[in-house]
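Following: one structure in structure tokens, then a few remarks.
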Amino acid sequence: NAGVTQTPKFQVLKTGQSMTLQCAQDMNHEYMSWYRQDPGMGLRLIHYSVGAGITDQGEVPNGYNVSRSTTEDFPLRLLSAAPSQTSVYFCASSYSGAKLRGETQYFGPGTRLLVL
Amino acid sequence: AQKVTQAQTEISVVEKEDVTLDCVYETRDTTYYLFWYKQPPSGELVFLIRRNSFDEQNEISGRYSWNFQKSTSSFNFTITASQVVDSAVYFCALSEAYYNQGGKLIFGQGTELSVKP
């Protein structure tokens with residue numbers, strides 16, 4: 001198993017540009033999520049999905065869109081990038097989405113995004 | 001309120017020293033889960049351990065051990081005979097069972113451990 005994979009590893013954007021951060025997992029996990037990591041603020045939940053076709057907002061969803069058309073993929077879209085979105089983005093997955101009862105979440109390697 | 005506090009921002013030790021990373025949590029839930037993750041300089045987040053609130057047994061895995069005390073709301077992590085490869089940022093995290101928005105993990109700020117040869 002490749003586990004959780006993310007592409008790209010690093011991206012530079014100009015303010016106003018759009019892009020999609022890709023996330024895929026091959027563990028047949030129901031639950032997938034996106035976090036952003038900022039210095040001094042730990043990791044914060046952006047969006048999550050408990051299964052294909054179901055998504056919901058996390059703690060800091062503004063400026064980001066998600067969709068979940070398949071179990072394997074959970075892309076994160078920035079429609080109009082802003083410097084405040086400069087961060088490291090992590091995708092995570094866990095086996096059970098429906099229960100949301102403390103399942104271990106496994107993280108991808110992260111994407112470093114710089115918005116100028 | 002739900003919160004995880006890792007008061008130690010940075011710790012520096014010499015190889016072979018023992019080191020304890022502190023984690024204190026706050027939760028309104030009676031059922032919850034605690035985690036430790038390691039983030040080495042390469043940047044990925046590596047899962048280390050998961051404990052539920054009903055299991056207060058301490059756990060040992062090689063040089064790693066964890067001390068969970070509900071009475072003090074703490075879940076501390078000890079590395080025995082530290083090695084240079086242990087240098088990383090370590091995160092403690094909390095997941096509440098019932099008052100939980102979207103399976104959110106609540107992370108502490110992290111403790112950066114530097115092990116010098």
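No value in this document is a laboratory result; all are computed from the given coordinates. No experiment lies behind these values; they were computed from the predicted model shown. Cβ: placed from backbone, ideal geometry, glycine included. Neighbour counts: every protein chain shown.
What the table below lists for this structure:
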quantity	calculated
Residue within the range A:102-112 that is more than 10 Å from chain B (Cβ to nearest Cβ) and surrounded by fewer than 16 Cβ atoms within 10 Å (Cβ to Cβ) present	no
Subset of the range B:18-29 (residues that are assigned to a strand (DSSP E or B) and not polar (S, T, N, Q))	B:VAL19, B:LEU21, B:VAL24, B:TYR25, B:GLU26
Test set (1) within 14 Å of the chain's Cα centre (by Cα); (2) within 14 Å of chain A (Cβ to nearest Cβ); (3) surrounded by fewer than 20 Cβ atoms within 10 Å (Cβ to Cβ) - B:ASN76 fails condition number	(2)
Matching residues, the range B:1-24, being more than 13 Å from chain A (Cβ to nearest Cβ) and either in contact with a Leu (Cβ under 6 Å, 6 or more places away or on another chain) or closer than 20 Å to A:ARG36 by Cβ (or both)	B:ILE11
Residue within the range A:12-21 that is free of Cβ contacts under 8 Å to residues at least 60 places away in the same chain and more than 9 Å from every other protein chain (Cβ to nearest Cβ) present	yes
Any strands (runs of 3 or more DSSP E) falling wholly within the range A:30-104 and containing at least 1 residues that are touching a strand residue (DSSP E or B) at 6+ places or on another chain (Cβ under 8 Å) and without any contact (Cβ under 8 Å) to a residue 40 or more places away in the chain	A:42-51, A:54-57, A:64-66
Sole residue being over 13 Å from the mean Cα position of the chain (by Cα), more than 14 Å from every other protein chain (Cβ to nearest Cβ) and surrounded by fewer than 19 Cβ atoms within 10 Å (Cβ to Cβ), chosen from A:ASP38, A:ASP26	A:ASP26
Spans of strands (runs of 3 or more DSSP E) in the range B:30-117 with at least 3 residues out of contact with any Leu (no Cβ under 8 Å at 6 or more places or on another chain), touching a residue at least 40 places away in the same chain (Cβ under 8 Å) and of a type outside the set (A, V, I, L, M)	B:111-116
Odd one out for A:GLU59, checked against (1) facing another protein chain (nearest Cβ under 9 Å); (2) farther than 25 Å from B:THR30 by Cβ; (3) surrounded by fewer than 19 Cβ atoms within 10 Å (Cβ to Cβ); (4) touching a Leu at 6+ places or on another chain (Cβ under 6 Å)	(2)
Scan of the range B:103-117 for residues that are of a type in the set (Lys, Arg) and either at the interface with another protein chain (Cβ under 7 Å from one of its Cβ atoms) or within 16 Å of A:ARG36 (Cβ to Cβ) (or both), ordered by number	B:LYS104
The range B:25-65 - residue that is within 14 Å of another protein chain (Cβ to nearest Cβ), of a type in the set (Val, Ile, Thr) and within 30 Å of B:VAL84 (Cβ to Cβ) and, of those, surrounded by the most Cβ atoms within 10 Å (Cβ to Cβ)	B:ILE49
